[in-house]
Amino acid sequence: MKPKIMDILNLKIKNKIMDTLNNYELLRQNAGGFKKSNALARFKEANQHNDSIRKSQLIALRILRAIRKKGWSQKQLSDNMGVSPQVVSKWVKGKENFTLETIEKIEKALAITLIDIADEKKSVSAKVITRSEAYNTVMTYATTTVFVAAAAATTARQDHAYTRLSVRKSNHYRYGLIRKFA
Amino acid sequence: MKIDCIFEIIENSLAAVKYVEEPSDSFEYCFELWDDVEYLEKYFEQNKALLATDFWRMDLNDAVFKVLNEAKKFREDILYCAEHGKTKGAPRLDNTIFRSLHRDVLSNIRIPSKAYGSEEENSFLRIYAIRLGPNEYVVTGGAIKLTKEMQAHEDTALELLKLEQVSVYLRGLGINEAEDYGYIEFENKE
């Protein structure tokens, strides 16, 4: 049976199209199409939250290193802490948004420090005080300031007196009014 | 590895093979691993001896964060190319992201870093791809490259096999004129 003229034409047209397709398009066509990847959207999201993720990753690494040092498995940590292995698995991948409570529990379980805020303690030691406490504090400060000022003035006066005395004495020496070794 | 299908990362420019054995396409899977602290800690623990060589002289913690930082830089570069690549004069995958390697890479070389500054700036991360034409690539996989020769480590040796496998697959689909079968390396330039 002879091929129909239209089939031949279609084949020729198809071959012509194939010839003009670049390799990328040829791959798309011959592989049955490409699936759409969401990689770029995920990249954008990852880069937007990079700073907070980085902190989680640092904590995750410290947990992993502590587990390894102790010779534990992640299961042992989850058993010790009374959480599921899936929770620990999420922690150590560096994807968890840790709460301070969780961090404290992990620190106790592993006997390590995950976040060191020792320096910050000094700057967050302010306490709420009553009005009378505030008044007393101000008055104490004022009294102390006055006392220190008065003491300084006294010292200055004494210094001045000593200076005058020593000048007088030196003048006396100079003019022979005092015989030092007489 | 068995090829499942092809995913498109950047329209008309960057595609990636998806293998049956992996949960996502080869391009995205690399970045999933390079952002997974558990995987990285285990990987470098197993390769501690290589990190300690004169070439790297690196602590495990530093190595993990080096990968995390490089992966971030890669993501930024790819996003930039995806967003601006169609603009005339803007960075494209050719030359800015991917660079062609000497054919000897399959047998031998880790290209000396002369184009990329001192040894300290050597990057860990590689994406391997086949160049189909100008600014057109299909990714076959990626790896953390710790050894000079690709055959010297099982991970990079596997990447060589994948490059060859995808080359055969492409030829099977009638693509015989790809410009660079298996000689493309996507390298982080810090």
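Here are a few things to note about the model shown:
- Long-range HN-HN contacts of A:W72 with modeled amide H, under 5 Å: none
- Where labels lie 7 Å past Cα in the beta-carbon direction, separation of A:Q86 and A:N50 in nm: 3.2 nm
- Residue order, fewest to most beta carbons within 10 Å, for A:M6, B:M150, B:M58: A:M6, B:M58, B:M150
- Subset of B:K73/B:K145; A:K44/B:K48; A:K36/B:K162; A:K93/B:K73 violating a 28 Å alpha-carbon distance limit: A:K44/B:K48
- Phi angles across the range B:59-76 convert, under the Karplus curve 6.51 cos²θ - 1.76 cosθ + 1.60 with θ = phi - 60°, into 3J(HN,Hα) values of 6, 4, 4, 5, 5, 4, 6, 5, 5, 4, 5, 5, 4, 4, 4, 4, 4, 4 Hz, Gly and Pro given as x.
- Length available on full extension from B:K148 to B:N61: 0.36 nm per residue minus the Cα-Cα distance, which gives 29.1 nm.
- Placed amide H near B:D4: partners under 5 Å, 5+ positions off or other chain: B:K18, B:Y19, B:V20
- Sorted by Cβ density within 10 Å, fewest first, the residues B:C81, B:C30, B:C5: B:C5, B:C81, B:C30
- Neighbour-count order for B:H153, B:H84, fewest beta carbons within 10 angstrom listed first: B:H84, B:H153
Read-outs throughout are calculated quantities, based only on the coordinates presented, and are distinct from any laboratory measurement. Please read all numbers here as calculations on a predicted model, not as lab measurements. All Cβ positions, even for glycine, are placed from backbone atoms using ideal geometry, and neighbour counts span all protein chains on display.
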